[in-house]
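K.L.:
Let me give you the structure first, and then I'll get to my questions.
The values are calculated or read from the model by the stated rules, or taken from the named source; none is laboratory data. Not measured: the values here are computed from a predicted model. Cβ sites come from the backbone with ideal geometry, for glycine too, and all protein chains shown count toward neighbours. Only protein heavy atoms, including side chains, enter the accessible area calculation; ligands, DNA and RNA are left aside. Shrake-Rupley method; radii C 1.70, N 1.55, O 1.52, S 1.80 Å.
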Amino acid sequence: MWILVLNCGSSSVKFALLRPSSGEQALSGLAERLGSPGARLVLKRGDERSETPHPNASYADTFALLLSELDRLGLREQVTVVGHRVVHGGEKFSAPALIGSSVLASIRACIPLAPLHNPANLAGIEAAQLAFPHVPQVAVFDTAFHQSMPEVAYRYAVPEAWYVQHAVRRYGFHGTSHAYVAQEAARILGRPLTELNLVTAHLGNGCSVAAIAGGRSIDTSMGLTPLEGLVMGTRSGDVDPGLHEYLSRQAGLSLEEITGALNRESGLAGLSGLGGDMRELEQAATAGHAGARLAVSVFVYRLAKTIAAMSVALLTLDALVFTGGIGENSASMRAAVLERLGLLGFRLDHSANEAAVRGRPGNIGATGSLPALVVNTDEERMIAREAEALLNGVRANGVGA
Ligand code: AMP
């Protein structure tokens with residue numbers, strides 16, 4: 001079964017045509033800077049890569065280009081289901097959903113919770129429905145995996161009316177990645193996922209940690225929005241909730257200015273003054289840049305603290321999992337984090353850690369240590385798996401798609 005996976009942002013479309021069983025990709029690519037003069041389409045097929053400028057291309061143009069490429073390769077008729085990444089499913093979705101009018105209405109109802117992402121996801125779904133009118137479409141939500149969190153983990157200590165009337169609670173994000181790497185960790189450890197207590201750390205441009213008991217998320221570091229929790233590339237993570245009032249009085253900043261700065265000018269970028277790219281900051285830190293050193297140190301300290309805090313949600317801990325661009329590649333970050341986590345039973349195998357880079361996963365825990373696994377995440381494959389499972393279930397139950 002070939003599944004087309006789509007991840008539509010406000011000005012970008014990422015796509016992959018793949019088989020969930022093997023992970024084999026027939027075609028993948030990215031259209032970015034849509035609607036601007038710099039819009040371009042990148043296509044990858046095996047080792048071939050092409051990049052074409054398409055000034056001012058729209059969503060509709062992107063789908064037309066994608067269709068003509070699929071036609072050219074004879075792949076269009078092979079698409080059996082389209083899986084869409086949808087960022088926010090609120091409390092409505094704890095699993096993927098076959099897209100029909102009521103699911104679309106529910107995704108629309110979650111727009112206030114994700115005002116930038118859900119409208120883009122909806123635009124992508126509508127464009128894909130036009131492009132593939134006879135192919136079932138499935139929504140896979142970033143928040144769904146964390147809907148298993150208990151109330152003690154998801155409620156904020158704020159007036160109950162905020163929760164009841166305005167859905168103010170913790171939702172968590174990166175669910176597809178946390179779920180995928182938990183399955184991979186079970187495979188690597190050779191144990192059933194249902195028996196494992198894991199802490200997974202997804203560390204990319206956005207960063208979050210999850211506590212996973214028996215394959216179910218029971219806590220995570222992101223909350224109502226992806227701003228809560230860890231230090232990230234350009235996001236602050238946790239700050240004092242009194243900050244907004246203080247800054248508006250002291251600096252005359254508006255709510256929008258403060259929120260914009262917390263999302264786009266904070267985190268590693270804010271601390272270093274150099275930007276939010278961890279690889280560049282590690283190089284700058286090695287070269288002696290004080291801001292870069294501070295940024296990396298705060299990142300590591302807050303991450304280690306959060307991993308320890310997440311362990312409290314689990315009765316026992318069987319393994320820690322690092323994933324995402326930083327988790328999969330930064331040996332020095334992993335070493336610094338494990339150094340702080342001796343308390344939990346972690347000790348580093350230095351050579352295994354140095355070897356676990358550039359797509360080579362492994363256990364970096366020393367003999368006698370709790371396992372600390374480096375696992376490559378694959379959100380596209382997980383979305384494809386979920387879409388396939390849902391479709392098979394629908395067909396088995398005899399319900400037309
Ligand atoms: P992602 O969002 O998962 O693509 O991750 C992006 C982050 O991974 C950026 O901060 C990159 O600098 C970081 N990253 C990628 N490769 C490396 C590397 N070799 N060492 C350190 N950080 C890396």
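K.L.:
Please state which one of 314, 320 is buried (at least 21 other Cβ atoms within 10 Å of the Cβ) and touching a residue at least 24 places away in the same chain (Cβ under 8 Å). Step through it out loud before you land on a result.
P.N.:
Details: 314 fails: buried (at least 21 other Cβ atoms within 10 Å of the Cβ).
Answer to the selection: 320.
K.L.:
Of everything in the range 105-119, what is assigned to a helix (DSSP H, G or I) and open to solvent by less than 10 Å² (accessible area, probe 1.4 Å)? Give them in sequence order.
P.N.:
To start, the set of residues in the range 105-119 that are assigned to a helix (DSSP H, G or I) comprises 105-109, 111-113, 117-119.
Within the range 105-119, 107, 118 qualify.
K.L.:
Taking the condition of a type outside the set (Lys, Arg), over 25 Å from residue 279 (Cα atoms) and modelled with pLDDT of 95 or more, does residue 370 pass?
P.N.:
Numbers: of a type outside the set (Lys, Arg): yes; over 25 Å from residue 279 (Cα atoms): yes; modelled with pLDDT of 95 or more: yes.
Judged against the criteria, residue 370 is a match.
K.L.:
Please go through the range 375-401 and give me each residue that is open to solvent by less than 50 Å² (accessible area, probe 1.4 Å) and either farther than 22 Å from residue 18 by Cα or among the small types (Gly, Ala, Ser) (or both), ordered by number.
P.N.:
Passing the criteria: 384, 387, 393.
Per-residue answers, yes or no, for (1) within 12 Å of the ligand (Cβ to nearest atom); (2) at pLDDT 95 or above; (3) open to solvent by less than 20 Å² (accessible area, probe 1.4 Å); (4) touching a helix residue (DSSP H, G or I) at 6+ places or on another chain (Cβ under 7 Å):
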residue	(1), (2), (3), (4)
275	yes, yes, no, yes
279	yes, yes, no, no
282	yes, yes, no, yes
286	yes, yes, no, no
295	yes, yes, yes, yes
304	no, yes, yes, yes
309	no, yes, no, no
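K.L.:
Hey, does the range 353-374 have a residue that's within 13 Å of the ligand (Cβ to nearest atom), over 28 Å from residue 25 (Cβ atoms) and open to solvent by less than 40 Å² (accessible area, probe 1.4 Å)?
P.N.:
The first filter runs over the range 353-374 and keeps only residues within 13 Å of the ligand (Cβ to nearest atom), leaving 353-354, 356-360, 374.
Retained after the next criterion (residues that are over 28 Å from residue 25 (Cβ atoms)): 353-354.
Remaining after also requiring open to solvent by less than 40 Å² (accessible area, probe 1.4 Å): 353.
Yes: the range 353-374 contains one or more residues that are within 13 Å of the ligand (Cβ to nearest atom), over 28 Å from residue 25 (Cβ atoms) and open to solvent by less than 40 Å² (accessible area, probe 1.4 Å).
K.L.:
Over 23 Å from the mean Cα position of the chain (by Cα) and of a type in the set (Val, Ile, Thr): which single residue out of 307, 218, 212, 258 fits that description?
P.N.:
Working: 307 fails: over 23 Å from the mean Cα position of the chain (by Cα); 218 fails: over 23 Å from the mean Cα position of the chain (by Cα); 212 fails: over 23 Å from the mean Cα position of the chain (by Cα).
Step by step, each of 307, 218, 212, 258 is checked, and only 258 is over 23 Å from the mean Cα position of the chain (by Cα) and of a type in the set (Val, Ile, Thr).
K.L.:
Further, regarding this structure: Assess whether residue 231 counts as being touching a residue at least 60 places away in the same chain (Cβ under 8 Å), out of contact with any Pro (no Cβ under 6 Å at 6 or more places or on another chain) and under 16 Å from residue 142 (Cβ atoms).
P.N.:
Values: touching a residue at least 60 places away in the same chain (Cβ under 8 Å): yes; out of contact with any Pro (no Cβ under 6 Å at 6 or more places or on another chain): yes; under 16 Å from residue 142 (Cβ atoms): no.
Judged against the criteria, residue 231 is not a match.
K.L.:
Please state which of the following conditions residue 299 fails to meet, knowing it meets all the rest: (1) surrounded by fewer than 24 Cβ atoms within 10 Å (Cβ to Cβ); (2) within 16 Å of the ligand (Cβ to nearest atom).
P.N.:
Going through (1) surrounded by fewer than 24 Cβ atoms within 10 Å (Cβ to Cβ); (2) within 16 Å of the ligand (Cβ to nearest atom) one by one, residue 299 breaks only (1).
K.L.:
Just checking, which of 159, 133 is at pLDDT below 95 and not aromatic (Phe, Trp, Tyr)? Walk me through it before giving the result.
P.N.:
Values: 159 fails: at pLDDT below 95.
133 is the lone residue from the list that is at pLDDT below 95 and not aromatic (Phe, Trp, Tyr).
K.L.:
Across the range 329-343, what is the total count of residues that are closer than 27 Å to residue 359 by Cβ and either more than 15 Å from the ligand (Cβ to nearest atom) or open to solvent by 30 Å² or more (accessible area, probe 1.4 Å) (or both)? Working first, answer last.
P.N.:
Let us first name the residues in the range 329-343 that are closer than 27 Å to residue 359 by Cβ, namely 329-341.
Next, only the ones that are either more than 15 Å from the ligand (Cβ to nearest atom) or open to solvent by 30 Å² or more (accessible area, probe 1.4 Å) (or both) stay: 329, 332, 336, 338-341.
Qualifying residue count for the region: 7.
K.L.:
Still on this structure, I have one more. Is there a residue in the range 58-70 that is open to solvent by 20 Å² or more (accessible area, probe 1.4 Å), assigned to a helix (DSSP H, G or I) and closer than 26 Å to residue 174 by Cβ?
P.N.:
Within the range 58-70, one or more residues are open to solvent by 20 Å² or more (accessible area, probe 1.4 Å), assigned to a helix (DSSP H, G or I) and closer than 26 Å to residue 174 by Cβ.
K.L.:
Still on this structure, I have one more. Does the range 213-243 hold any residues that are open to solvent by less than 10 Å² (accessible area, probe 1.4 Å), over 18 Å from residue 304 (Cβ atoms) and among the polar types (S, T, N, Q), and which are they?
P.N.:
Result: 217, single match.
K.L.:
On to the next question. Just to be sure before I move on: is residue 290 more than 15 Å from the ligand (Cβ to nearest atom) and closer than 23 Å to residue 178 by Cβ in the structure I sent? Outline the logic, then answer.
P.N.:
Values: more than 15 Å from the ligand (Cβ to nearest atom): yes; closer than 23 Å to residue 178 by Cβ: no.
The answer is no for residue 290.
K.L.:
For the range 153-172, which positions are open to solvent by less than 20 Å² (accessible area, probe 1.4 Å) and either of a type in the set (Val, Ile, Thr) or assigned to a helix (DSSP H, G or I) (or both)?
P.N.:
153
K.L.:
Any idea how many residues of the range 33-53 are open to solvent by 50 Å² or more (accessible area, probe 1.4 Å), in a loop (DSSP other than H, G, I, E, B) and not small (Gly, Ala, Ser)?
P.N.:
Of the residues in that region, 3 qualify.
K.L.:
List every residue pair whose Cβ atoms sit under 7 Å apart, with the two residues 6 or more apart in sequence or on different chains, where the first one lies in the range 21-37 and is touching a residue at least 40 places away in the same chain (Cβ under 8 Å) and the second, anywhere, is assigned to a loop (DSSP other than H, G, I, E, B).
P.N.:
Taking only residues 6 or more apart or on different chains, the pairs are 23/378; 26/75; 27/73; 27/75.
K.L.:
Considering only the range 173-212, state which residues are hydrophobic (A, V, I, L, M, F, W, C) and either modelled with pLDDT under 95 or open to solvent by 30 Å² or more (accessible area, probe 1.4 Å) (or both). Walk me through it before giving the result.
P.N.:
Filtering the range 173-212 down to residues hydrophobic (A, V, I, L, M, F, W, C) leaves 173, 179, 181-182, 185-186, 188-189, 193, 196, 198-199, 201, 203, 207, 209-212.
Result: 188, 189, 193.
K.L.:
Would you be able to tell me the number of residues in the range 142-152 that are surrounded by 24 or more Cβ atoms within 10 Å (Cβ to Cβ) and part of a helix (DSSP H, G or I)?
P.N.:
Restricting attention to the range 142-152, the residues satisfying the condition of being surrounded by 24 or more Cβ atoms within 10 Å (Cβ to Cβ) are 142-146.
Now drop any that are not part of a helix (DSSP H, G or I), which leaves 144-146.
Within the range 142-152, residues that are surrounded by 24 or more Cβ atoms within 10 Å (Cβ to Cβ) and part of a helix (DSSP H, G or I) number 3.
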